[in-house]
Amino acid sequence: MHADSTTTRKAAALAAFAGLDREPGVAKPDPILVVDNVVRRFGGLTAVDVAHLEIQRGSITALIGPNGAGKTTFFNQLTGFDSADEGSWAFNGKQLKGVPAHRVARTGMVRTFQLTKALSKLTVMENMRLGAQNQRGENFFRALVPGSWRQQEDEITERAEELLERFKLNTKRDDFAGSLSGGQRKLLEMARALMVGPELVMLDEPMAGVNPALTQSLLAHVKDLREEGMTVLFVEHDMDMVRDISDWVVVMAQGAVIAEGPPDTIMSDQRVVDAYLGAHHDAPMSAEEFEEQLQEAEAELEAEIEEKA
Amino acid sequence: MDWNAILITTVKASIGLETVVYALAAIGVNIQFGYAGLLNFGQAAFLGVAAYGMAVTVATFHLPFWLGIAIGLAATVVLAFLLGIPTLRLRADYLAIVTIAAAEIVRLVFRSVKFSSVFGGSDGRQNFSGDFFAMNPYSPGTYGIGPISFNERVTWILTVGWVLIAICCGLVYLLMKSPWGRVLKAIREDEDAVRSLGKNVFSYKMQALVLGGLVGCLGGFLFALGQASVQPDLFSTEFTFYAYTIVILGGAARVFSPVVGAAIFWVLLVFVGNTLSEAVSAGMLPSLFTVNNIGAVRFMLVGLGLMLLLIFRPQGIFGDKREIALDAR
């Protein structure tokens, strides 16, 4: 029964992408997130410069790129953890530029972090409960009257227990989160994000530092998110994982989106190969090319000398 | 050596005015630092503005006592906002720097010559506690068990003090068991994670700063009333550091740790101080120690004792060793 629904959801996601152009910024049939001209500069360095990007609802989209491509910075901007210098982006049609991180999360766009942020001195259960939204007991004055939040707390606990069971953390319920292993922390962080009730889950390197035995279970959990109707956008370096679970891949290099496409063909795209390995990686340089580069370099040097003089 | 006298003063110190004042200040620090992870190094300023707010209202402007209390409370809240608004969005270290500087600014303004007509310069203000002691239900006499007894004024102030401590501990207990307290503790661990879960971190940090300041300011009122006088140098930075020592001694993020910590801290100080001075006057110590320098020696010995305690019991008296072990990972 589970396998059936997997195939249908995956098929639906794949059908949405069928016949799409491979160009960066290609329009999707039903985008949940639309990004326009987002720019982030650190002094003279342009870390992010994304002209247009759409994320298809109900799909698993991977965001890949070489180190320093600006993936995490881009993530931080979309989720309100860093401010963008220019541009706009809309989640479900709601403009999010300048919206602080906690409000972004409340709209249903929830992220995890590359370096897991388990709240060490809280128990696993407390970590989970924290994720629930609109808690009455989180108001200072109502907190003083336990009767006003007890019932809601019980409901939250019940929901948390279901999620913990699903993520196989139920035996760790009352342990400090700080005592979990790296992989268990990743699971806890994902489960905690689900407590928020997100529509779009943004995972920043979900596989970083996870032991191989847990990788499969983590992959299955990510696929489950799509089965439950959520949209997933994740940053990842591990291409095997990207090929395994993503429906669509967006490639960033030097701050810009350079290509998009389905996971099985994206790595053979010339632009992607160039971005990862450099434009001249496999062709031996001809004598003319060498001469040309030499002249270019000389011209540059001369220009520099003239400028100084 | 008059061991009897040493014993009596030591027992009295465990519930005395200093213990009450420092316990309230430390409960405030425990809310801010122990639970929310805010490094407020200006707790002395919160007590100072409260004490001065009340004293100046009554002594300088001859307004009613309760208005003085209201102004003291208001001044504390204003100070918390002044310190919090620019710094709570930044990293924790900035709050520490700003609060320690602000505490000194507050103290120096109180003792400045320029404002001595209002704040009374380095002499401070007196003659404001009349209304408070007029409410004293105890008739003149001494109250207590045998030699451990206090006169009616001290009994009244200690009664009020311990009732306030009980209320504050109850408040902290209720709050920290609630989802509100959970958010606070989570902010201490990692505020970005809390933000990513849709909580307004800035607002919670501000609430913690204001609440901790308000609890501390009750200690400021009692300090001023108990001594029937305020002086600027009572609210120097050592005051804040003693409050931190007390919190860490008792064990951070525990409801009763500031109270027990304050009692132990003052018992140690008074016991060591009195024993030393008795020993000096009995000629039992080398001539290196004199009546003039045993005050400093007392702090050295207490400091040594606290160091040993933290080496052998780093989690404090009430702390959980497992939590300290987590930090080492």
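The values are calculated or read from the model by the stated rules, or taken from the named source; none is laboratory data. None of these values were measured; they are calculated from a predicted model. Positions of Cβ are generated from backbone atoms using ideal geometry, with glycine treated the same way; all protein chains shown enter the neighbour counts.
Can you list the helices (runs of 4 or more DSSP H) lying wholly within the stretch B:162-281 that have 2 or more residues being closer than 30 Å to B:N136 by Cβ and of a type in the set (F, W, Y)? Write out each step before concluding.
Values: elements: B:179-189, B:191-196, B:201-227, B:237-250, B:257-281.
Because the criterion is at least 2 residues that are closer than 30 Å to B:N136 by Cβ and of a type in the set (F, W, Y), the helices (runs of 4 or more DSSP H) in the stretch B:162-281 that meet it are B:201-227, B:237-250, B:257-281.
Being aliphatic (A, V, I, L, M) and within 25 Å of B:L326 (Cα to Cα) is the filter here; which residues of the stretch A:169-194 pass it?
Pass one, the stretch A:169-194, residues aliphatic (A, V, I, L, M): A:169, A:177, A:180, A:187-188, A:190-191, A:193-194.
Scanning the stretch A:169-194 gives A:L169, A:A177, A:L180, A:L187, A:L188, A:M190, A:A191, A:A193.
Conditions (1) under 25 Å from B:L269 (Cβ atoms); (2) crowded, with 19+ Cβ neighbours inside 10 Å, marked per residue:
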position	(1), (2)
B:V11	yes, no
B:I31	yes, yes
B:A55	no, yes
B:A59	no, yes
Would you point out the residue of the stretch B:143-200, among those that are β-branched (V, I, T) and at the interface with chain A (Cβ under 10 Å from one of its Cβ atoms), that is farthest from B:F223 (Cα to Cα)?
-> B:V194
Of all residues in the stretch A:101-114, which are assigned to a loop (DSSP other than H, G, I, E, B), more than 8 Å from chain B (Cβ to nearest Cβ) and under 20 Å from A:M195 (Cβ atoms)?
-> A:T107, A:G108
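Could you please let me know if A:V235 is modelled with pLDDT of 90 or more, touching a Lys or Arg at 6+ places or on another chain (Cβ under 6 Å) and among the aliphatic types (A, V, I, L, M)? Spell out the reasoning first.
Numbers: modelled with pLDDT of 90 or more: yes; touching a Lys or Arg at 6+ places or on another chain (Cβ under 6 Å): yes; among the aliphatic types (A, V, I, L, M): yes.
Against the criterion (modelled with pLDDT of 90 or more, touching a Lys or Arg at 6+ places or on another chain (Cβ under 6 Å) and among the aliphatic types (A, V, I, L, M)), A:V235 qualifies.
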Residue hits (the stretch A:122-137; at the interface with another protein chain (Cβ under 7 Å from one of its Cβ atoms) and either touching a His at 6+ places or on another chain (Cβ under 6 Å) or not in a helix (DSSP H, G or I) (or both)) are A:L122, A:Q133, A:Q135
Run A:V210 past the list (1) out of contact with any Lys or Arg (no Cβ under 6 Å at 6 or more places or on another chain); (2) at pLDDT below 90 and report the number of the one that doesn't hold.
-> (1)
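For the stretch B:89-122, which positions are in a helix (DSSP H, G or I) and within 13 Å of B:V56 (Cα to Cα)? Reasoning before the result, please.
To start, the set of residues in the stretch B:89-122 that are in a helix (DSSP H, G or I) comprises B:92-110, B:116-119, B:121-122.
Matches in the stretch B:89-122: B:F110, B:S116, B:S117, B:V118, B:F119, B:G121.
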For the stretch A:255-263, does any single residue satisfy the condition of being in contact with a Ser or Thr (Cβ under 8 Å, 6 or more places away or on another chain) and touching a residue at least 40 places away in the same chain (Cβ under 8 Å)?
-> yes
Could you list, in sequence order, the residues of the stretch A:142-171 that are more than 9 Å from chain B (Cβ to nearest Cβ) and more than 30 Å from the chain's Cα centre (by Cα)?
-> A:G147, A:S148, A:R150, A:Q151, A:D154
